[in-house]
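Asks: The structure is given below, and queries will be raised subsequently.
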Amino acid sequence: MSSDLRLFSYKMAVDTGFAPNPFFGVLTLAACKPKIRLKKDVHDWIAGFTSKALCKDDVGKERLIYLMQITDKIKISEYFNHPHYQIKIPDPSNEETVYRAGDNIYKPCGMGFEQIENWNHDESNKDADISGDYVLISNKFYYFGGKPLDRSSPYKKTITRYSTSKRTESQLPSTGYKRINSIARV
């Protein structure tokens with residue numbers, strides 16, 4: 001039996017480990033990309049690529065930074081107090097990037113949110129972040145960060161070719177997907 005497989009991609013302007021946040025064994029997207037966070041569902045795939053703004057990659061030469069399958073989707077209002085994601089609350093005083101880059105920055109406060117101290121977003125980002133309403137969560141992801149997969153690899157061609165299409169798994173070419181799964185481990 002074949003199920004629908006939806007894969008979406010976008011170009012990243014910044015990659016600090018904040019959005020997405022790939023640390024502590026789970027990748028979360030809790031800020032930025034509000035439309036993606038609103039409209040994508042559990043089981044959808046999202047791919048983030050380099051861009052000219054991020055690292056001067058020319059159009060057509062972008063490299064894969066991360067690939068995630070959404071395994072959970074929760075409200076921003078639930079994220080801050082959820083016991084599994086307390087580790088994602090940033091600690092700006094900690095010297096280690098994994099603790100400073102936390103994306104769990106919106107504390108429910110009355111009918112709104114208080115933005116807690118963090119190194120990545122200020123109050124000017126709050127409305128856009130909150131408008132996404134959800135946090136996308138994945139325990140099935142591949143994060144290449146500072147060593148993105150380059151254009152010559154077979155993976156990017158497969159992902160970009162179907163980035164906005166809805167197809168069944170049997171319609172997707174399996175070579176790139178299988179190769180990503182064989183070399184990239186969470």
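No lab work stands behind these numbers, since they all come straight from the coordinates. Here the structure is a predicted model, which is why all the values come from computation and not from measurement. When we count neighbours, we look across all protein chains shown, and the Cβ atoms used for this are built from the backbone with ideal geometry, even at glycine.
Asks: Of the listed peptides 19-25, 144-150, what is their order by residue-averaged count of other C-beta atoms within 10 Å, with the highest listed first?
Replies: 19-25, 144-150
Asks: Which whole-Hz ³J(HN,Hα) couplings does region 106-122 yield from phi under the Karplus relation 6.51 cos²θ - 1.76 cosθ + 1.60, θ = phi - 60°, glycine and proline marked x?
Replies: Whole-Hz 3J(HN,Hα) from phi for region 106-122: 10, 8, x, 8, x, 8, x, 9, 9, 8, 7, 4, 7, 8, 10, 10, 10.
Asks: Turning to a different aspect of this structure: What's the center-to-center distance, using Cα atoms, between region 74-121 and region 125-149 in Å?
Replies: Region 74-121 and region 125-149 have Cα centres separated by 13 Å.
Asks: Ok, one more. Summing +1 for each Lys or Arg and -1 for each Asp or Glu, what net charge is found among the other residues whose Cβ lies under 10 Å from the Cβ of ASP41?
Replies: Within the 10 Å Cβ shell, the charges total +3.
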